[in-house]
Amino acid sequence: MKLATLRDGTRDGSLTVVSRDLRLAARAEDVIAGLGTMQALLDDWEQQAPKIERIASELNEAADGGRRAPFATFAFDASKAMAPLPRAFQWLDGSAYVNHVELVRRARGADMPQSFWTDPLMYQGGSDAMLGARDDIIAADTNYGIDLEGELAVVTGDVAMGTNAVDAEDSIRLLMLVNDVSLRNLIPAELAKGFGFLHGKPPTAFGPVAVTPDELGSAWRDGRVHLALSAAVNGIALGQPNAGQDMTFSFYQLVAHAAKTRRLSAGTVVGSGTVSNKGRDGGPGRPVGEGGSGYTCLAEVRTVETILEGKPRTPFLSFGDRVRLDMCDPTGASIFGAIEQKVVPHEGS
């Protein structure tokens, strides 16, 4: 099933069931009294998910031209969608594509510890104000090095402390498309303090729709999504790397890593990190224009330029730039709906 949260004037929005083709929608609370938000569904998943699945089935039948749904439906409008979880109890972003980490470190002449291949990197980001797929990227200064980062994320149910990767599979409720906006030029000084990100990681954006793993069919296997994630800036293709390829740590491993010393509450969001593929020769990935799979962030473009040419030539984002992220099934249909954002200057206090 596919789920969205639509704006209704409240902080947490209205839980909405969306048809597989992203055309029709129905508000969950219109059918199931008291089930108004995504978090409410996650908190009572075992009881409520089967009811939502029935709504989704009837909605899909109606969208396919079958009998009319026995509840009110309306056209789904992605521009009215908030993040599926507008505010989450926890946002943990990993870096499962170690190729990306290795390239960035190589560009600045730093060795990569071997442990990075066996022990996932992960940080805890801000989750009190997640961005919707059409919300602007707001920044105070383009000198901050504004960047997009194409990722995927899972939303968990309750996860016990010490859960292993095998058992973590059962905890994954939903998957989402992510733009983990980064302010690259603020990050080095923050990391040099030895205490992690803060200013370098502004609010993260999520695709209009969250989906259950079964919606991905055979593309969802071994805790990875084996489909291309497309990224574009100002309508120009940046990349289309396969999210299932070169993912060193699966989502099962990432969830288990997050739960090593704590229990995770239902509604915890765990990100994959920047989707990144190696080149066919095992070296840095090549641009789309050169027959490669390209990139999902500008930092990796600049890193490859530094490695191959001695310095970067591609700028970070400027005010007025537009970014787009999407993932399609084998028929070309969007799975999560696209993230489409514009970079705008911060105004006022």
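Shape of the range 160-221 from its Cα gyration tensor (a ≥ b ≥ c, root eigenvalues): rounded if a/c is under 1.5, otherwise prolate when a/b > b/c, or oblate? It comes out oblate by the Cα gyration axes. Summarising the label geometry, the points placed 7 Å from Cα in the beta-carbon direction at Tyr123 and Asp77 lie 3.7 nm from one another. What is the range 197-257 by shape, rounded, prolate or oblate, if you read a ≥ b ≥ c off the alpha carbon gyration tensor as root eigenvalues and call it rounded for a/c under 1.5, prolate for a/b larger than b/c, and oblate otherwise? Taking the square roots of the gyration eigenvalues as a ≥ b ≥ c, the range 197-257 is oblate. Specify whether the C-alpha gyration tensor of the range 303-349 places it in the rounded, prolate or oblate class, a ≥ b ≥ c being the square roots of the eigenvalues: rounded for a/c under 1.5, otherwise prolate if a/b is larger than b/c and oblate if not. Oblate is the answer for the range 303-349, as a/c is 1.5 or above yet b/c matches or exceeds a/b. Within straight-line reach of Lys193, meaning a Cα separation under 18 Å, sit the following lysines at least 8 residues removed in sequence or on another chain: Lys201. Considering only Arg87, Arg262, Arg324, the Gaussian network model of the chain with Cα springs below 10 Å gives its largest mean-square fluctuation to Arg262. For a straight C-alpha distance cut-off of 21 angstrom, the lysines reachable from Lys2 (same-chain residues fewer than eight places away being disregarded) are Lys51, Lys80.
Just so you know, all these numbers are worked out from the coordinates, no wet-lab data involved. For clarity, every value in this text was computed on a predicted model and none was experimentally measured. Cβ coordinates were reconstructed from backbone atoms using ideal geometry, including for glycine residues, and neighbour counts include every protein chain displayed.
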